[in-house]
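The values are calculated or read from the model by the stated rules, or taken from the named source; none is laboratory data. In this text the structure is predicted, and so the values were computed from the model without any measurement. Glycine also receives a Cβ, built like all others from the backbone with ideal geometry; neighbour counts cover every protein chain displayed. When the accessible area is computed, the model is the full protein with side chains, heavy atoms only, and any ligands, DNA or RNA have been set aside. Shrake-Rupley method; radii C 1.70, N 1.55, O 1.52, S 1.80 Å.
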Amino acid sequence: MKTIKSIFDFYINSSIHVALAVAALVKITFLKFEILGANTYIYFSFAGTIVAYNFVKYATISKLYHRRLTKSMTGIKVLTGISAIAFAYFGYQVSFDTIVYMLPFVLLTILYTVPIFPNKKNLRSVAGIKIFIIGATWMGITVLVPVLYTEGSIDFDMIIEMVQRFLFIVVIMLPFEIRDLQFDDKELETIPQKIGVTRTKVFGSIVLVVFLLLTAFRVELTSTEILSTVFVTIITLLFLWGTDKKQSEYFCSFWVESIPIIWLLLLVLMQSLFG
């Protein structure tokens, strides 16, 4: 059991799970817009997520992750190095334009971590914007860039998808902000710090309602789109209201980050049932 737990902890701490979540969101975008033969971008985003998240988590010592710097760090460094090579390899396979589209989000990740602003601050330390930076970055990587990579242009339905994806990411980040209340400096002014845990859940619920209602504005609307969005809204809502400041070790790092994977499985199942 101890060995299984060690393997599972490595899976979580090395960012493999969050990379699968990102890859799942990219695949959801491809399924929704019937984009075929774009697996290279999925591999590209998967490898890039491992590199980016490990850079963000371990490049600087934080209260949250300092306690996790154990013997597994050697394995994490090796995995990150291999992922960096894979990221470069698949980056060579995608178009140059795709790399250009990706650059703003890479820059955001760097600015989020590296203290290049006055008083040794980075974007993460700027009050009130952390969650929205993450939302914008995930939206860009999982909707905007892959659509431009495959389609070369954006239509109205894709804009709706971008807005929905941003709102979805903002909501699933709220459980993390509630969890991190005991670690985050008060200067960060996160949403739970500003309005409290209960109001944060109410705020997230309102955002989820907007996320759901935006589906009705799509030009091409299918029963699969409606049902999958309803189900993922309910699931996300349950996780949001099930969040507490004191939570199990894996509540956020595994279960909440599994929501995009559950969404993908739901979408695949519904498409197989309804065509």
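Annotations for the structure displayed:
- Karplus-derived 3J(HN,Hα), 6.51/-1.76/1.60, for each residue of the range 268-274, Hz, glycine and proline x: 4, 4, 5, 5, 6, 7, 9
- Zone residues, the range 1-27, relative to ASN122, backbone N less than 17 Å from point 7 Å out along Cα-to-Cβ: 14-15
- Carbon plus sulfur fraction of accessible area for the chain, probe 1.4 Å, in percent: 69 percent
- Length released on extending from ILE110 to LEU214, taking residue separation times 0.36 nm less the Cα-Cα span: 34.3 nm
- Taking trypsin sites (Lys or Arg not before Pro) across the range 160-267, the ones in a DSSP loop with at most 15 further Cβ atoms lying within 10 angstrom of their Cβ are LYS245, LYS246.
- Per residue, the chain exposes 51 Å² of accessible surface when a 1.4 Å probe is rolled over the protein heavy atoms with every protein chain present.
- Simple Cβ-charge dipole of the chain, Lys/Arg +1 and Asp/Glu -1, about Cα centre, in debye nearest 20: 1240 debye
- When each of LYS5/LYS27; LYS5/LYS57; LYS130/LYS186 is checked by Cα-Cα distance, pairs over 19 Å: LYS5/LYS27; LYS5/LYS57
- Seen from THR222, the other residues with C-beta closer than 13 Å to its C-beta sum to a net charge of -2, counting Lys and Arg as +1 and Asp and Glu as -1.
- Comparing ILE16, ILE191, ILE206 in a Gaussian network model of the chain (Cα springs below 10 Å), the most mobile by mean-square fluctuation is ILE206.
- Area of MET158 that stays accessible when all protein chains are in place (1.4 Å probe, Å², to 10): 10 Å²
- A cut-off under 14 angstrom between Cβ atoms defines the neighbours of LEU148, and their net charge, with Lys, Arg +1 and Asp, Glu -1, is -4.
- Here the label points at PHE96 and ILE235, each 7 Å from Cα along the C-beta direction, are separated by 4.1 nm in the simple model.
- Residue list for the range 193-234, given a label point 7 angstrom along the Cα-to-Cβ vector of LEU273 and an amide N cut-off under 17 Å: 222-234
- Backbone HN-Hα couplings from phi across the range 11-24 [Karplus 6.51/-1.76/1.60, Hz, Gly and Pro as x]: 4, 6, 5, 8, 6, 5, 5, 5, 5, 5, 5, 5, 4, 4
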